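The values are calculated or read from the model by the stated rules, or taken from the named source; none is laboratory data. It should be emphasised that the depicted structure is a prediction, and the values quoted were computed from it without experimental measurement. Please note: Cβ atoms are built from the backbone with ideal geometry, for glycine as well, and neighbour counts cover all protein chains shown. To get the accessible areas, we keep the full protein, side chains included, count just its heavy atoms, and leave off ligands, DNA and RNA. Shrake-Rupley method; radii C 1.70, N 1.55, O 1.52, S 1.80 Å.
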Amino acid sequence: GIRSKAIWCLAMVAQRLGRKSSSCREMPALMQIVTKAVADASPDVRSAASAAAIALVVGDPGLMGRFASALPEGIDLASFDACDRRAIMRLHALRRGGGGGGPGA
């Protein structure tokens, strides 16, 4: 739906910001939106939120603690591409398969 696509767009924006994300003045609002979306009732929204969380963590590794529950086990943070629709589908499959809790959890 539209909510999952909106969150996916935020994932792509977060990825584009990369290491500059910490200096972005909209970062607190972005983190708040992603944090709420991670707990959304819709699995599609949660998968898109996981993509956004991954992009935020890649840009600022200090956010790992905040978003650890949104990072499915087995995800390669270094090669993740939020712009790749297949990556979002893989996230959805990992989350559905019981992968949650973050890397190494």
Taking the range 58-84, which residues are open to solvent by 70 Å² or more (accessible area, probe 1.4 Å) and modelled with pLDDT under 85? GLU73, GLY74, ASP76, ALA78
Considering ARG16, ARG3, which residue is surrounded by fewer than 20 Cβ atoms within 10 Å (Cβ to Cβ), closer than 19 Å to ILE88 by Cα and without any contact (Cβ under 8 Å) to a residue 12 or more places away in the chain? ARG16
Residue satisfying condition, being closer than 17 Å to ARG90 by Cα, touching a residue at least 60 places away in the same chain (Cβ under 8 Å) and either open to solvent by less than 20 Å² (accessible area, probe 1.4 Å) or of a type in the set (Asp, Glu) (or both), within set ALA11, ALA51, ALA55: ALA11
So ARG90 clears everything in (1) touching a helix residue (DSSP H, G or I) at 6+ places or on another chain (Cβ under 6 Å); (2) surrounded by 13 or more Cβ atoms within 10 Å (Cβ to Cβ); (3) modelled with pLDDT under 90 except one condition, right? Which one? (1)
Being in a loop (DSSP other than H, G, I, E, B), of a type outside the set (Asp, Glu) and farther than 16 Å from LEU17 by Cα is the filter; apply it to the range 55-78 and report the residue that is nearest to the chain's Cα centre (by Cα). LEU71
Scanning the range 19-32 residue by residue, those open to solvent by less than 80 Å² (accessible area, probe 1.4 Å) and either within 12 Å of the chain's Cα centre (by Cα) or over 14 Å from LEU63 (Cβ atoms) (or both) turn out to be ALA29, LEU30, MET31
